[in-house]
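Structure first, then comments.
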Amino acid sequence: QVQLVESGGGLVQAGGSLRLSCAASGTISSISTMAWYRQAPGNQRELVARITSSSTTYYADSVKGRFTISRDNAKKMVYLQMNSLKPEDTSVYYCYYNGLGPARWGRGTQVTVSS
């Protein structure tokens, strides 16, 4: 059973950077997609970025050019480098795994960007 633990969130000023990490435990499928979602209070959870096991990536328009998703399959890690942060990026960020078996979510890490 895959479990996900996020880290790296915090408080940062607008224009700053943060790097989120997601550590996966359990058996990770050789064919899988991992992603970062975010959810702000009163809003629906939205896809931020995703990456396949072959490193094909997708980004939401709102973060394109500012965020970079990467993964280290050997270490079972997924990262989200966030640059040029804006106040509207303030959310709880969740790690997501979809491979063989049920999809999994982490518990989230709070990112707060002050203006």
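The values are calculated or read from the model by the stated rules, or taken from the named source; none is laboratory data. On a predicted model such as this, the values are computed, not experimentally measured, just so you know. Note: ideal-geometry Cβ built from the backbone for every residue, glycine included; neighbour counts use all protein chains shown. For accessibility, only protein heavy atoms count, side chains too; no ligands or nucleic acids. Shrake-Rupley method; radii C 1.70, N 1.55, O 1.52, S 1.80 Å.
Provide the packing ranking of 77-86, 23-32, i.e. peptides ordered by the mean count of other C-beta atoms within 10 Å per residue, highest first.
77-86, 23-32
Along the positive direction of the dipole of the chain (beta-carbon charges: Lys, Arg +1; Asp, Glu -1; about the Cα centre), which of Ser84, Ile28, Ile69 reaches farthest?
Checked the options; the winner is Ile28.
Given Cα pairs under 8 Å that are at least 6 residues apart, what percent is the relative contact order of the chain?
36 percent
Using alpha carbons only, what's the Rg to Rh ratio of the chain with Rh from Kirkwood?
Rounded to two decimals, Rg over Rh is 0.96.
Give me the 1.4 Å probe accessible area per residue for the chain, excluding ligands and nucleic acids, in Å².
54 Å²
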